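A short write-up of the structure that comes next.
What follows is calculated from the coordinates using simple rules that are stated; it is not laboratory data. All values reported here derive from a predicted model rather than from experimental measurement. For neighbour counting, all protein chains shown are included, and Cβ atoms are generated from backbone atoms with ideal geometry for every residue, glycine included.
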Ligand SMILES: Cc1cc2nc3c(=O)[nH]c(=O)nc-3n(C[C@H](O)[C@H](O)[C@H](O)COP(=O)(O)OP(=O)(O)OC[C@H]3O[C@@H](n4cnc5c(N)ncnc54)[C@H](O)[C@@H]3O)c2cc1C
Ligand SMILES: *[C@@H]1O[C@H](CO)[C@@H](O)[C@H](O)[C@H]1NC(C)=O
Ligand SMILES: *[C@@H]1O[C@H](CO)[C@@H](O)[C@H](O)[C@H]1NC(C)=O
Ligand SMILES: *[C@@H]1O[C@H](CO)[C@@H](O)[C@H](O)[C@H]1NC(C)=O
């Protein structure tokens, strides 16, 4: 009996590894530094389509380099280094400095350390070197189309909280959603295109992708309502980014379940 079970388990494992291999992309993404990377005129054309200048995210400690003559306000960086709200405001800063680093195949770690006395160079690591500071739907569309057209590694960064560091990506092209801060309340929200059973009236809040939990709670409290959300120091986790895409745990989940959208743009308020 038990040996039969083991055989079954082995078969399932083998099968899933095979499927992952099959699904792997045939063509690798074009990374920064490679000859396929878009040239200046391609980026200039992109700039004309978006509302903000292109950004060049850098690891936050880069302001402290070169150590003999710091390029930026190193003292401010050191003061804020552990501050999640400050980190969320820097396109090149992740919530854990480890996510900003890249480990080479030979084990060498590329990063930019705040401790300059280590005598190590400040390197870009996993921080995408170029990106779009999205403020409009058009900005998001232009960034995604540009990445697709040029086969770039599109990295969506919101608050930088991703536990696997997926809001960073070496040599990638960043779509920074942090400034999409739209908030609106609708006491008679009807989800469009939803199944008939869901097509009823909800009290709902619509949040831009960059809204963080602290901001969402303040906004919803002003409406005299409660919303099921995440918990982190200073409310830095994004409400409408990775949290809702990943299922959304809350301290109130035992009573109200996981976070849920009632449509692609509305949150159900309990
Ligand atoms: C200190 C801390 C506390 C936490 N507390 C909780 C908690 O209480 N409950 C809970 O459930 N989780 C919690 N988490 C986990 C957190 O919800 C996840 O890491 C979540 O993915 C973070 O999403 P973000 O948008 O804030 O961060 P990001 O790291 O910026 O994004 C997370 C992922 O989602 C992708 N993404 C973000 N926005 C979009 C978008 N608009 N479209 C497509 N992809 C997007 C990013 O590319 C990335 O892969 C916590 C994490 C930390 C570090
Ligand atoms: C830039 O790249 C485009 C292709 O994306 C090419 O048509 C153009 O000639 C290049 N421009 C320069 C100045 O190299
Ligand atoms: C690891 O590889 C990098 C890039 O090829 C190289 O610069 C570095 O010297 C190597 N480190 C060691 C310890 O071999
Ligand atoms: C910085 O690195 C040096 C050299 O390894 C070490 O002596 C020192 O304690 C470090 N400073 C901090 C604040 O970690």
| query | Hey, what did the stretch 40-176 get for relative contact order, percent, Cα under 8 Å, at least 6 apart? | reply | 28 percent
| field | Within the chain, helix-based [θ] at 222 nm, where runs of 4 or more DSSP H residues each add -39,500 (n - 2.57), nearest 500 | value | -8000 deg cm²/dmol
| remark: Taking only the alpha-carbon positions of the stretch 149-270 as identical scatterers, the Debye log10 I(q)/I(0) at q = 0.10 Å⁻¹ comes out as -0.33
| remark: For the stretch 140-191, the Debye formula with one identical point scatterer on each Cα and no solvent gives log10 I(q)/I(0) at q = 0.20, 0.22, 0.25 Å⁻¹ as -0.76, -0.83, -0.95
| Tell me, what does the Kirkwood hydrodynamic radius of the chain come to in angstroms if you use every pair of distinct C-alpha atoms? | 21.1 Å
| Fewest-first ranking of 137, 132, using other Cβ atoms within 10 Å as the exposure measure | 137, 132
| task | Could you run the Debye sum over the Cα atoms of the stretch 40-176, one equal point scatterer each and no solvent, and tell me log10 of I(q)/I(0) at q = 0.15, 0.18 Å⁻¹, two decimals? | result | -0.74, -1.01
| task | Using R₀ = 35 Å, calculate the FRET efficiency as 1/(1 + (r/R₀)^6) where r is the Cβ-Cβ separation of residue 118 and residue 192; round to 0.05. | result | 0.05
| field | Per-peptide average of other Cβ atoms within 10 Å, ordering 40-49, 243-252, 200-209 highest first | value | 200-209, 243-252, 40-49
| Listed peptides 167-173, 223-229 by packing density, highest first (mean Cβ within 10 Å) | 167-173, 223-229
